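See below for the structure under consideration.
The values are calculated or read from the model by the stated rules, or taken from the named source; none is laboratory data. Here the structure is a predicted model, which is why all the values come from computation and not from measurement. Note that we place each Cβ from the backbone using ideal geometry, even for glycine, and neighbour counts take in every protein chain shown. Accessible surface is based on the protein model in full, side chains and every heavy atom, while ligands, DNA and RNA are left aside. Shrake-Rupley method; radii C 1.70, N 1.55, O 1.52, S 1.80 Å.
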Amino acid sequence: MLIGMSQELSLVSFMDHYIAPDFTAVALIVIDMQRDFLDGQPAGVAGTVAIVPRIVRLLQAFREAERPIIHVVRIYLADGSNVDLCRRAAVERGASWVLADSPGCEIVPELLPDRFSRLETARLLAGQIQYLWPHEVVIYKPRWGAFYCTPLEDYLHRAHVSTLIICGCNFPNCPRATLYEASERDFRLVLVEDAVSGLYEQGKQELRSIGVSIMKSAEIVAELRRLKAEAGRAALEGPEVARDRPGGE
């Protein structure tokens, strides 16, 4: 039997303990933040330049927390052979969008732990993971969603991740597809509304209806820093103090 929207939303609210983000088992996924997708570039998306500073702050917080960071990128071959069908003809005719080994394909330098890092194109196109830094990697995706024909799911399970924080470019395409793919795999999900380009109100409503939390970058940074501070205090206090607290062992 079909249920109405109000009933559906009530069910989502009832199941909050299943979908609430767990910041002790969280990873950041940064989607398609490559030079060619910045405003004014060959495949530029309006609003992508504006989100760069917020993504930088998210990255800093995740690095400080030593939590996994996954940069997901597109890489097009000049002959169009690995390009989405809707764009293949344009690339075959010479469109220079995120072409392999081109400057425009590279990740925006401000987002890298080492600004001189370059994509290892051959490794990525072969479906392998490029390691940038401890807990920070790059993965190539051949289509919209970050889970389609990629090692992402295995990597997240090995890192014991339950919650994904999604940001990047451009909401109607790759971030949205990634969120739905992640939902199908039972990850807890957060979209960073001020760190994704192309977002619109109806899209946010649709995501909430499938259990995606919508948060601001400052909220996420604050939560990570709160947990780090708590862990630091616990380490200083030691196990003896913890046992003396109410509820301690």
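On C-alpha positions alone, give me the angle between the axis of helix 5-14 and the longest principal axis of the chain, in degrees, nearest 10.
Between helix and principal axis, roughly 50 degrees.
In whole Hz, with x marking every Gly and Pro, tabulate ³J(HN,Hα) for the range 67-84 from phi via Karplus 6.51 cos²θ - 1.76 cosθ + 1.60, θ = phi - 60°.
9, x, 10, 10, 8, 10, 10, 9, 9, 9, 7, 4, 7, x, 5, 10, 8, 3
Check cross-link reach from K216 to the lysines: straight Cα distance under 18 Å, and skip same-chain residues fewer than eight apart.
Correct list for K216: K204.
Quick one: Cα centre-to-centre distance for the range 56-81 and the range 178-239, in angstrom?
The range 56-81 and the range 178-239 have Cα centres spaced 16 Å from each other.
Amide H to amide H under 5 Å from L132: which residues, 5+ apart in sequence or cross-chain, H placed 1.01 Å off N in plane?
Answer set, sorted by chain and number: V137, V138.
If a paramagnetic tag sat 7 Å from the Cα of R57 along the Cα-Cβ line, which residues of the range 205-241 would have the backbone N under 16 Å from that point?
Backbone N within reach: 215-226.
So, with a 1.4 angstrom probe, what is the percent of accessible area on the range 26-231 that is carbon and sulfur? List each step's numbers first, then the result.
Working: 4490 of 8840 Å².
With neighbouring chains kept in place, the figure for the range 26-231 is 51 percent.
Could you work out the relative contact order of the range 26-231, using alpha carbon pairs under 8 angstrom and six or more residues apart, expressed as a whole percent?
Normalised by residue count, the contact order of the range 26-231 is 25 percent.
Please sort 177-184, 79-86, 68-75, 216-223 by packing, taking for each peptide the average over its residues of neighbouring beta carbons within 10 angstrom, highest first.
Packing proxy ranking, top to bottom: 68-75, 177-184, 216-223, 79-86.
In debye, nearest 20: dipole of the range 33-94 around its Cα centre with unit charges on the Cβ of K, R (+) and D, E (-)?
Around 120 debye, computed over the range 33-94.
Given 0.36 nm per residue, what is the gain on full extension from S96 to D39 after removing their alpha carbon distance, in nm?
Working: separation 57, 0.36 × 57 = 20.52 nm, distance 1.51 nm.
That works out to 19.0 nm of additional length.
Taking only Cα atoms, what is the 0 to 90° angle, nearest 10, from helix 217-244's long axis to the longest principal axis of the chain?
With both axes taken from Cα atoms, the answer is about 40 degrees.
What residues qualify as long-range amide H neighbours of F171, i.e. H under 5 Å apart, gap of 5 or more or another chain, H built at 1.01 Å from N?
Residues meeting the amide H criterion: S197, G198, L199.
Amide H neighbours of A146 under 5 Å, at least 5 residues apart or on other chains, H built in the peptide plane: list them.
T178
For n ≥ 4 DSSP H runs only, could you compute -39500 (n - 2.57) per run for the chain, divide by its residues and tell me the 222 nm figure to the nearest 500? Can you show the working numbers first?
Working: 9 runs with 99 residues, N = 249.
Result for the chain, helices only: -12000 deg cm²/dmol.
Which length gain, in nm to one decimal place, applies between R88 and H17 when the Cα-Cα distance is subtracted from 0.36 nm times their residue separation? The partial results should precede the final answer.
Working: separation 71, 0.36 × 71 = 25.56 nm, distance 4.32 nm.
Contour length minus Cα-Cα distance gives 21.2 nm.
What percent antiparallel are the DSSP beta bridges of the chain, to the nearest 5?
Antiparallel bridges: around 15 percent, rounded to the nearest 5.
How much length is gained if the chain between L125 and E66 is pulled fully straight, taking 0.36 nm per residue apart and subtracting their Cα-Cα distance, in nm to one decimal?
Going from the current span to full extension adds 18.5 nm.
Would you kindly derive the ³J(HN,Hα) couplings of the range 125-136 from the backbone phi angles with the Karplus curve 6.51 cos²θ - 1.76 cosθ + 1.60 (θ = phi - 60°), listing them in order in whole Hz, with x for Gly and Pro?
Per-residue couplings from phi come out as 5, 7, x, 9, 9, 9, 9, 9, 6, x, 6, 10 Hz.
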